[in-house]
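S.K.: Before anything else, here's the structure in question.
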Amino acid sequence: RVHNGVDYPGELGDPVSAAADGTVISIREDDSLGTTVVLRHTGGYETTYSNLQSVPTVAPEQYVSAGQVIGAVGTTSLAEASMSPHLHFSVTKDGEIIDPQEFLKS
């Protein structure tokens, strides 16, 4: 399995915030990564927040601002079940996987 993101450690229930302004394009239960929220941003970027608690605080098509809470750290990821609670964060630009650290610098 390829790990296409960054895992940020946290405590169960810690708030997870949007990295940038954007629109919620999906909320799903991923077989491997657990509860997942995907946001679309300007410039062709999409950010993915996984291993969230089962009920995010946002809804599909909702606009969110940078720093707005979208969910909480959970333990819903089957693929990363042996790890302590954390946020799995990944980014794509125009459908291509990019280093999340580069997105956060922009």
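The values are calculated or read from the model by the stated rules, or taken from the named source; none is laboratory data. Predicted model only: the values in this text are computed from it and were never measured. Glycine gets a Cβ as well: all are built from the backbone with ideal geometry, and neighbour counts include every protein chain shown. Heads up: the accessible areas ignore ligands, DNA and RNA and are worked out on the full protein's heavy atoms, side chains in. Shrake-Rupley method; radii C 1.70, N 1.55, O 1.52, S 1.80 Å.
S.K.: Select from region 17-29 the residues that are part of a strand (DSSP E or B) and within 15 Å of Thr47 (Cβ to Cβ) and list them in ascending order.
M.R.: Result: Ser17, Gly22, Thr23, Val24, Ile25, Ser26, Ile27, Arg28.
S.K.: Consider region 5-14. How many of its residues are over 12 Å from the mean Cα position of the chain (by Cα) and open to solvent by 50 Å² or more (accessible area, probe 1.4 Å)?
M.R.: Looking only at that region, the number is 4.
S.K.: Quick one: in region 80-94, of everything that is touching a residue at least 12 places away in the same chain (Cβ under 8 Å) and assigned to a loop (DSSP other than H, G, I, E, B), which residue is surrounded by the most Cβ atoms within 10 Å (Cβ to Cβ)?
M.R.: The selected residue is Glu80.
S.K.: Next up: Within region 30-39, is there a residue that is modelled with pLDDT under 95, outside any loop (DSSP other than H, G, I, E, B) and at positive phi?
M.R.: Within region 30-39 (the criterion being modelled with pLDDT under 95, outside any loop (DSSP other than H, G, I, E, B) and at positive phi), the answer is yes, since at least one residue qualifies.
S.K.: Would you tally the residues in region 40-56 being open to solvent by 60 Å² or more (accessible area, probe 1.4 Å) and within 14 Å of Ile25 (Cα to Cα)?
M.R.: 2
S.K.: Please enumerate the residues belonging to region 57-79 that are in a strand (DSSP E or B) and surrounded by 15 or more Cβ atoms within 10 Å (Cβ to Cβ).
M.R.: Val64, Ile70, Gly71, Ala72, Val73
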